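Have a look at the structure below, then the notes.
All of the numbers you see were taken from the coordinates with simple rules; none came from a lab. Keep in mind that what you see is a predicted model, and the values were worked out from it rather than measured. Cβ: placed from backbone, ideal geometry, glycine included. Neighbour counts: every protein chain shown.
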Amino acid sequence: MTRICRFSFVVLPNIPANAKWAQNGVTVAGGNEKGSSTNQLDNPLGIFVDEDLTIVIADPSNNRIIQWKKDDTTGQIVAGGNGQGNQLDQLNDPTDVLVDKETDSFIICDPRNQRVVRWSRHSSTTQGEILIDNIVCWGLAMDEQRYLYVSDVVNHEVRRYKLGDTNGILVAGGNGLGADLNQFNEPKYLFVDRQQNVYVSDWNNQRVMKWSKDAKDGIVIAGGQGQGTDLAQFSFPQGLFVDTLGTLYVADQWNDRVMRWPQGTSQGTVILGGSGFGPEANKTSDPTGLSFDRQGNLYVVDHYNHRVQRFSLE
Ligand SMILES: *[C@@H]1O[C@H](CO)[C@@H](O)[C@H](O)[C@H]1NC(C)=O
């Protein structure tokens, strides 16, 4: 029985400690070669899985956000898609997206335009509005109180914003590029738990950091042993998720695998992939974004195959 914690921003599944997922994924978005039609993706990155199982995908090379409703065979462009540019109806290489339920809008990281933008989900929407300017963002997360967290890959920090406030407060990093516990080397994706602890994939440091609320240093909760293929290592960690038991899930991009790290362990286990890249259903090739639905099914952005795969919880 899966108990549901209903947050305003994401529904957390309770995943049993001994959980296993089907090794063959089912394509739920894209998978029709790389391209710009609405049934295609082009180097997809971050995803958000909504309560009704609509999947929202950052589709950077198409300069758009596209959503696929459950069982759809084609997607629907919901932001951008008007060429590369910095007009309000355009995006330039978006990397991440989430849904703000309160305003029924998408919040989008648009790094090449150095901004975070909001697009209403209303069908008449033709352009976005700028929420935060002058930030080369990468990952986004929202907590229960609707604070927005944004990673900054130039300043190597994570800031928390009250919606409508453009300055934000520093919550992780901010001490320049480096590998100390108070630093990052390109912080990418984010996850925030109910206690407002912030989890960060520290891409170039090959580690995942946890910053407790108000901490001055982070702790390494996975990796940090250099780039490599060992179970204690990553090769460029990307999307991440933390379940209600505190178990960490990480898309280990260049190792073509998804790792699971129970809390307090010094190495992870491979739950998907890990046998190289390729188009087969049991491969995750260059995985980037990662999320779960309320049933505990795992969604992985199979970046290299321009598709999103769903792996069912068994
Ligand atoms: C992955 O799937 C392919 C094709 O179905 C199969 O030949 C191969 O043995 C599978 N690999 C693993 C590691 O299960």
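In whole Å, how far is the Cα centre of segment 189-254 from that of segment 94-171? So the separation of the two Cα centres works out to 21 Å. Pairwise Cα distances in segment 1-151 exceed 23 Å in 37 percent of cases. Applying both filters, DSSP loop and at most 12 other Cβ atoms within 10 Å, to the chymotrypsin sites (Phe, Trp or Tyr not before Pro) of segment 196-227 eliminates every site.
Classify segment 189-285: rounded, prolate or oblate, from the alpha-carbon gyration tensor (a ≥ b ≥ c, eigenvalue square roots; a/c under 1.5 rounded; otherwise prolate if a/b is larger than b/c)? Note, shape of segment 189-285 comes out prolate.
When only alpha carbons of segment 38-311 are considered, Rg and Dmax amount to 17.2, 50 Å. Site pair Arg146 and Gln225 shows an inter-label distance of 4.4 nm when each label is modelled 7 Å from Cα along Cα→Cβ. The ranking of Cys109, Cys137 from fewest to most other beta carbons within 10 Å of each one's beta carbon is Cys137, Cys109.
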